[in-house]
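Below you'll find the structure, written out as C-alpha cells, and then a few comments.
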Amino acid sequence: MSKFLYITDQLEHKEHSFIGPLFEKYLTAHYEINIIYFSKTKTNFESYDNKFIIPHDKKTNTLSILEENNISLADYDFVAVRNDTDILKEVIQKREKFNYKVAFRLSYPKRIAKLQKDEANNKTSFLDVINNKIKLYGETSLINDCDIFLPTSRKMRDDYLKKVKTRTFVIPSGIDPDIMTKNIQHEGVEKRFFYAGTLDKLREFETILDAFSELSDGTYKIMISSKDPEYTQNLLEKYSNIKDHIEVYNAKTKDELLALIAKADIGLALLPDIELFNSSTPMKVLDYYSSAVPCIMTKNENNESIFQNDTSAWMSNFSKEDIKEKLDYILGLTKDEVTQVGLEGQGRLLSVRNYKRIADDLAHQLNIL
C-alpha cells in the first residue's frame, strides 16, 4: 500500500472535525497514512499509532526532525501540507531527493481573514495591505510548484489565489456518514434557533438580532454557543427587548456542541455577503445537518450550489429586512415541515459532502498524478 504523509498546522489533542474522518478514517482504505501534529508542551519528537508529534518551536524544520528520528521520507509516495507555506517550502525543496508528490491543502485563508477583520475594526494600514500582496505572491509561487492543490472550494482559489495554475482538486468540509446525532424533539411550542461559532464585528451578528427584534411572533428561542463569551455578552446587552428569548452556552468540546445542536430546531448560518464567507461552507452548517437541523443561511453561489431554498434550507440576503421576512416564514411552518427541511438537507449533504466519497475521489486524483 502506498504511503501518505499529512503535515497539519494543528496542535496535538485538538478536536479535528475534518482531519479525523477524512485522513484518519476513510483515506486509510487507500493509503498507509501518517499525520504530523505539533505540541507546545513537548520538547522531543514522539510517535504513536499513525501520528508523529513535533515540538511547535521546531515546526520550520519538520522534515529534518523526521530524518533525525529515522523516519524515511523516501518511503512516502505523497506528502501533503495543510496551510503552512513555511513547511511547504521545505517539503518542495526535498521533493527531488526523496521522489514524493507534493500536495498543498488550503482550509481557510487565515491571513486574509485577519486582514479583513482588522479592516472592520479600522486597524489596518497601507503597510499591511502591501505585506499581504507580497506574501500572496510568494504563496502563489509555492503552490504552483506543487503537484496538486487542495483548496476547500474552487471559489476560494478563484477569489484569493487567482494566479494559481497547478492542478486543483477541491476538498470541501463534509459530514461523516457514520456519525449522525439524533435530533431531540423538544416539547415547547417555540422554535429554537442555534448559533455556533465565532462572534465578532466582521460577522455582524447584530443584523440578525435586529431582525429578531422586529418579529411580532415571539414563539422563538435563540441559543448561542460562542468562542468569545465576553464579546457575546457585550453584544447582547444592546438587545434587552429580546433578552428573555436568548440563552447563552459555552460548549467546551465538539460532543457538548453537538448535544446542544441536537436540541435545536433551526441553525443560524447567516453571514455577511463578502468573499471570505462566500467561498466555502461554514463548519457550523455541517454540524447542524449532522443532526438534521435545517439552516437559515446566506443566499450566495456556494450555498445555492448545494441546497434548494425552502426545500433543504432557507436562504436570505444579509439584511435586516430580508432576514426578518424569512424568519416570519419559518415561524409560520409546522414542526413537521421544519423537520422535513432538515432531513432533505442532511440527505443532500450525504450525497455531495460525504467524507467517504470525498476520500475515494481524492485517492483517484492522487493516483493519476
Matching residues, region 215-233, being in a helix (DSSP H, G or I), of a type outside the set (Asp, Glu) and surrounded by fewer than 18 Cβ atoms within 10 Å (Cβ to Cβ): 229, 231, 233
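Pick from region 1-55 the residues that are of a type in the set (Asp, Glu) and at pLDDT 95 or above: which of them is least open to solvent (accessible area, probe 1.4 Å)? Give the steps one after another, and end with the answer.
Within region 1-55, the subset of a type in the set (Asp, Glu) is 9, 12, 15, 24, 32, 46, 49.
Restricting the remaining residues to those that are at pLDDT 95 or above gives 32, 46.
Values: 32: 90, 46: 69 Å².
Within region 1-55, the match that is least open to solvent (accessible area, probe 1.4 Å) is 46.
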Residue in region 138-153 that is under 20 Å from residue 22 (Cβ atoms), of a type in the set (Ser, Thr, Tyr) and in a loop (DSSP other than H, G, I, E, B) present: yes
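To keep it simple, each residue is scored yes or no on (1) more than 21 Å from the chain's Cα centre (by Cα); (2) crowded, with 19+ Cβ neighbours inside 10 Å; (3) farther than 30 Å from residue 150 by Cα.
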site	(1), (2), (3)
180	no, no, no
187	yes, no, yes
213	yes, no, yes
235	yes, no, yes
271	no, yes, no
282	no, yes, no
Failed item in (1) in contact with a Leu (Cβ under 6 Å, 6 or more places away or on another chain); (2) farther than 21 Å from residue 319 by Cβ, with residue 240 passing the rest: (1)
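Taking helices (runs of 4 or more DSSP H) that do not extend beyond region 241-296, which have at least 1 residues that are assigned by the TED database to the domain that holds residue 156 and in contact (Cβ under 8 Å) with a residue 40 or more places away in the chain? Please lay out each step first, then the result.
Working: elements: 254-261, 275-278, 283-290.
In region 241-296, there are no helices (runs of 4 or more DSSP H) which contain 1 or more residues that are assigned by the TED database to the domain that holds residue 156 and in contact (Cβ under 8 Å) with a residue 40 or more places away in the chain.
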Per-region count, region 176-222, residues at pLDDT 90 or above, closer than 30 Å to residue 356 by Cβ, out of contact with any strand residue (DSSP E or B) (no Cβ under 7 Å at 6 or more places or on another chain) and among the aliphatic types (A, V, I, L, M): 0
Checklist (1) part of a helix (DSSP H, G or I); (2) touching a Cys at 6+ places or on another chain (Cβ under 9 Å) applied to residue 166, failing item: (1)
Breaking point among (1) under 19 Å from residue 106 (Cβ atoms); (2) part of a loop (DSSP other than H, G, I, E, B), for residue 15: (1)
Selected residue (criterion: farthest from residue 179 (Cα to Cα)) from residues of region 18-47 that are of a type in the set (A, V, I, L, M, F, W, C), out of contact with any His (no Cβ under 8 Å at 6 or more places or on another chain) and in a strand (DSSP E or B): 36
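Among the helices (runs of 4 or more DSSP H) contained in region 317-369, which hold 1 or more residues that are buried (at least 17 other Cβ atoms within 10 Å of the Cβ) and of a type in the set (Gly, Ala, Ser)?
On the way: elements: 320-331, 335-352, 355-367.
Of the helices (runs of 4 or more DSSP H) lying wholly inside region 317-369, those with at least 1 residues that are buried (at least 17 other Cβ atoms within 10 Å of the Cβ) and of a type in the set (Gly, Ala, Ser) span 335-352, 355-367.
The values are calculated or read from the model by the stated rules, or taken from the named source; none is laboratory data. In this text the structure is predicted, and so the values were computed from the model without any measurement. Cβ coordinates were reconstructed from backbone atoms using ideal geometry, including for glycine residues, and neighbour counts include every protein chain displayed. These area figures cover heavy atoms from the full protein model, side chains too; ligands, DNA and RNA do not enter into them. Shrake-Rupley method; radii C 1.70, N 1.55, O 1.52, S 1.80 Å.
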